[in-house]
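Asker: Just dropping this structure here.
The values are calculated or read from the model by the stated rules, or taken from the named source; none is laboratory data. Computed from a prediction, not measured in an experiment: that's the story for all the values here. So basically every Cβ, Gly included, is an ideal-geometry build from the backbone, and we count neighbours across all protein chains shown. Side chains are part of the model used for accessible areas, which takes the heavy atoms of the whole protein and leaves out ligands, DNA and RNA. Shrake-Rupley method; radii C 1.70, N 1.55, O 1.52, S 1.80 Å.
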Amino acid sequence: AYERRFPTCPLIPMFVASDTVNEYKSEDGAIHVIERRCKLDIDAPRLLKKIAGVDYVYFVQKNSLNRRERTLHIEAYNETFSNRVIINEHCSYTVHPDNEDWTCFEQSASLDIKSFFGFESTVEKIAMKQYTSNIKKGKEIIEYYLKQLEEEGITFVPRWTPPVACKSESSTSHPRRPVSPAINIPECATKEGLSNKEILNTSSSPLEPTAGTPDDKLDADYIKRYLGDLTPMQESCLIRLRQWLQETHKGKIPKDEHILRFLRARDFNIDKAREILCQSLTWRKQHQVDYILDTWNPPQVLQDYYAGGWHHHDKDGRPLYVLRLGQMDTKGLVRALGEEALLRYVLSINEEGLRRCEENTKVFGRPISSWTCLVDLEGLNMRHLWRPGVKALLRIIEVVEANYPETLGRLLILRAPRVFPVLWTLVSPFIDDNTRKKFLIYAGNDYQGPGGLLDYIDKEIIPDFLGGECMCEVPEGGLVPKSLYRTAEELENEDIKLWTETIYQSASVFKGAPHEVLIQIVDASSVITWDFDVCKGDIVFNIFHSKRAPQPPKKDSLGAHSITSPGGNNVQLIDKVWQLGRDYSMVESPLICKEGESVQGSHVTRWPGFYILQWKFHSMPACATTNLPRVDDVLASLQVSSHKCKVMYYTEVIGSEDFRGSMTSLESSHSGFSQLSAATTSSSQSHSSSMISR
């Protein structure tokens with residue numbers, strides 16, 4: 001069935017053609033390896049294709065069928081732009097070792113973008129979108145060809161046997177693999193994110209919960225009142241993820257409604273939902289987002305010129321947010337405030353949205369977990385396509401998508417002008433497919449006709465500027481006076497000021513000058529916890545122990561490096577004459593951390609004394625085959641100025657009796673860093689994997 005995809009597959013429109021490059025068959029017929037060159041028409045903006053100078057992308061795919069072992073391994077890598085982008089994919093079909101009725105399917109891929117004409121982030125989004133789409137269609141395609149085979153009368157393929165009539169190898173080498181037919185994966189199981197083991201244990205009724213005790217059930221009235229309709233499997237996923245958070249997460253546990261949003265965003269796949277939820281919780285803690293409504297007051301410029309505000313609710317009871325984007329001077333706001341203040345204001349809007357959802361849930365007596373956004377584009381023109389403004393918009397979309405999933409119930413875009421398709425082409429690759437399905441776009445006065453605003457909003461609350469009778473208190477926007485514009489230096493200092501408002505500290509790390517933090521432990525079995533983000537460069541994180549205190553901290557003036565470091569310090573504690581193993585010892589294995597990563601962990605102390613946390617510059621390893629540097633390495637090094645790294649960290653010491661987190665130390669949590677860091681990187685890496693069993 002899989003081989004029928006070639007040389008081309010009508011179910012995969014982007015798969016245009018393929019040619020066989022190499023083919024090998026063993027004499028006994030057990031091994032068949034075939035290598036193909038595949039031609040793909042990637043769904044990318046025309047502008048990007050024009051800049052790249054290509055219409056098609058070529059991949060090399062190698063399929064290795066082993067009839068003796070009953071496995072099919074598929075490897076693929078990109079041939080086009082291989083010096084700029086590295087894509088590797090691996091899939092395998094295998095027989096489950098414990099039960100012949102199951103065929104296991106595993107798929108994984110890695111993406112490493114070194115450089116791509118300044119469009120690295122866009123390429124990453126496009127690649128992830130294509131990969132996700134292919135995963136979703138994989139089951140559909142294989143079932144299509146299985147059905148095609150059945151219609152041709154092929155329902156059974158005899159197992160391979162050696163050509164000589166001697167004792168069957170299969171009976172000696174594989175005693176646990178009797179012949180039996182394949183069975184289908186329950187469709188709802190894959191949709192609701194069952195893990196490999198859960199699918200294997202699923203009976204003929206896939207909606208039965210796998211977490212098996214009555215104590216694990218939620219109250220039916222509570223679900224109906226606050227969460228909405230949940231299948232038993234979805235309820236089980238919610239309970240298990242909440243229990244895991246209670247057992248492992250240090251701090252405030254999010255509400256069920258919030259956990260449910262992340263589960264829905266990943267189709268109730270617990271592992272994927274847990275990953276993005278943990279990253280979001282860390283991000284909220286880093287930037288004190290939980291307190292933003294109580295502690296942050298928007299600048300007067302925003303209150304006067306940001307043309308957006310809350311306005312009653314729609315027919316479904318969702319809070320309604322009105323944004324007059326066409327009347328807003330995005331360039332003026334960015335020049336007057338900078339990205340950070342604009343982003344923080346959008347975060348406060350989202351936090352207010354969550355609060356209003358809770359209030360409307362109480363008022364209407366049914367669960368309301370999302371809001372409706374009405375965007376009026378009257379007045380949108382080329383001024384809104386100013387590059388820094390678009391960059392700020394994309395960054396805001398990225399942060400909101402990552403931390404407020406499933407909060408947008410519906411987006412009504414009204415009076416879209418002719419310039420709108422240009423903006424949409426730039427923005428759409430950054431918007432999740434599920435979110436995009438909630439968009440309704442009206443040109444001109446179409447919103448006044450059938451299927452328009454009246455289908456979603458009561459006539460009494462349609463804003464006056466849209467022809468309604470309700471006075472809308474949303475600011476009208478207008479041009480921000482240039483007298484309010486600020487210099488780049490002022491905006492940069494303001495951005496740093498925002499950073500220092502958090503409980504985290506910034507530090508600079510140089511080649512030969514690590515940053516070190518001293519922690520004195522009085523009681524053994526205390527727990528040192530840390531949480532840091534690598535904002536720039538790659539570092540090595542170490543933990544050392546010494547029985548004697550180091551000399552008073554020696555601050556590096558940075559004069560030797562001729563670099564000033566606003567908002568970051570550099571402290572060295574370990575004396576040059578100290579010897580490792582004599583004066584101090586290493587208590588954890590070194591951990592290499594890449595630019596953009598967020599690391600959380602803990603260490604249970606065995607002895608009292610002085611512990612030193614060290615962030616050290618990580619040098620790129622030399623090329624193994626030659627002493628000459630690669631071009632890509634040179635280009636990457638140019639983007640990391642003067643061998644400087646930057647980290648933002650927070651540490652805390654907890655008594656063992658108070659510690660509820662993981663005791664796995666450096667292995668505890670390693671995740672991607674939020675774009676709020678404002679860090680730029682020359683290499684974007686993404687990893688996706690899925691595992692399904694049949």
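Asker: Can you name the residue in the range 579-599 that is within 21 Å of the chain's Cα centre (by Cα), in a loop (DSSP other than H, G, I, E, B) and at negative phi and, of all such residues, is surrounded by the most Cβ atoms within 10 Å (Cβ to Cβ)? Full working, then the answer.
Answerer: From the range 579-599, those within 21 Å of the chain's Cα centre (by Cα) are 592-599; that's our starting set.
Right, trim to in a loop (DSSP other than H, G, I, E, B) and you get 594-596.
From the residues that got through so far, the ones that are at negative phi too are 594-595.
Working: Lys594: 16, Glu595: 24.
So, considering only residues that are within 21 Å of the chain's Cα centre (by Cα), in a loop (DSSP other than H, G, I, E, B) and at negative phi, the one surrounded by the most Cβ atoms within 10 Å (Cβ to Cβ) is Glu595.
Asker: Considering only the range 69-81, I want to know if a residue exists there that is open to solvent by 60 Å² or more (accessible area, probe 1.4 Å) and over 21 Å from Gly138 (Cβ atoms).
Answerer: Yes.
Asker: I've got another one for you. Which pairs turn up if I take residues in the range 352-363 that are acidic (Asp, Glu) and look for partners that are surrounded by 14 or more Cβ atoms within 10 Å (Cβ to Cβ) and not in a helix (DSSP H, G or I) with beta carbon separation below 8 Å, at least 6 apart in sequence or on another chain?
Answerer: Glu352/Trp310
Asker: What single numbered condition from (1) modelled with pLDDT under 90; (2) within 30 Å of the chain's Cα centre (by Cα) fails to hold for Glu3?
Answerer: (2)
Asker: Can I ask one more? So which of Gly379, Gly326, Gly353 is crowded, with 19+ Cβ neighbours inside 10 Å, closer than 19 Å to Gly309 by Cα and either of a type in the set (S, T, N, Q) or modelled with pLDDT under 90 (or both)?
Answerer: Gly326
Asker: For Ser348, work out the one condition from (1) surrounded by 18 or more Cβ atoms within 10 Å (Cβ to Cβ); (2) farther than 28 Å from Leu454 by Cα it doesn't fulfil.
Answerer: With respect to (1) surrounded by 18 or more Cβ atoms within 10 Å (Cβ to Cβ); (2) farther than 28 Å from Leu454 by Cα, Ser348 is out only on (1).
Asker: Quick check on the range 149-160. Is at least one of its residues assigned to a helix (DSSP H, G or I) and open to solvent by 50 Å² or more (accessible area, probe 1.4 Å)?
Answerer: yes
Asker: Moving on. Are any of the residues in the range 50-67 more than 23 Å from Asp19 (Cβ to Cβ) and modelled with pLDDT under 80?
Answerer: Scanning the range 50-67 turns up at least one residue that is more than 23 Å from Asp19 (Cβ to Cβ) and modelled with pLDDT under 80.
Asker: On to the next question. Of everything in the range 70-110, what is of a type in the set (A, V, I, L, M, F, W, C), in contact with a strand residue (DSSP E or B) (Cβ under 7 Å, 6 or more places away or on another chain) and in a loop (DSSP other than H, G, I, E, B)? Give them in sequence order.
Answerer: Listed by number, the list holds a single entry, Trp102.
Asker: To continue, here is another question. Just the residues that are aliphatic (A, V, I, L, M) and touching a helix residue (DSSP H, G or I) at 6+ places or on another chain (Cβ under 7 Å), please, taken from the range 306-326. Explain how you work it out, then say what you get.
Answerer: Applying the first criterion (aliphatic (A, V, I, L, M)) to the range 306-326 yields 307, 320, 322-323, 325.
Matches in the range 306-326: Ala307 only.
Asker: When both residues are 6+ apart or on different chains and their Cβ atoms are under 6 Å apart, which pairs have a first residue that lies in the range 533-544 and is closer than 12 Å to Pro590 by Cβ, and a second that is among the acidic types (Asp, Glu) and open to solvent by 10 Å² or more (accessible area, probe 1.4 Å)?
Answerer: Here the result reads Ile543/Glu588, each pair linking the range 533-544 to a residue that is among the acidic types (Asp, Glu) and open to solvent by 10 Å² or more (accessible area, probe 1.4 Å).
Asker: Conditions first: (1) closer than 18 Å to Ala127 by Cβ; (2) touching a Lys or Arg at 6+ places or on another chain (Cβ under 8 Å); (3) open to solvent by less than 40 Å² (accessible area, probe 1.4 Å). Cys38 passes all but one, so which condition is the exception?
Answerer: (2)
Asker: Next up: Test Tyr226 against the stated conditions and say whether it is assigned by the TED database to the domain that holds Val399, among the aromatic types (Phe, Trp, Tyr) and either crowded, with 18+ Cβ neighbours inside 10 Å or in a helix (DSSP H, G or I) (or both). Spell out the reasoning first.
Answerer: On the way: assigned by the TED database to the domain that holds Val399: no; among the aromatic types (Phe, Trp, Tyr): yes; either crowded, with 18+ Cβ neighbours inside 10 Å or in a helix (DSSP H, G or I) (or both): yes.
So Tyr226 does not fit the description; no.
Asker: A follow-up question, please. So how many residues does the range 280-324 have that are part of a helix (DSSP H, G or I), more than 30 Å from the chain's Cα centre (by Cα) and acidic (Asp, Glu)?
Answerer: Qualifying residue count for the region: 1.
Asker: Could you please give the count of residues in the range 265-281 that are farther than 26 Å from Gly596 by Cα and surrounded by fewer than 19 Cβ atoms within 10 Å (Cβ to Cβ)?
Answerer: Selection size over the range 265-281: 1.
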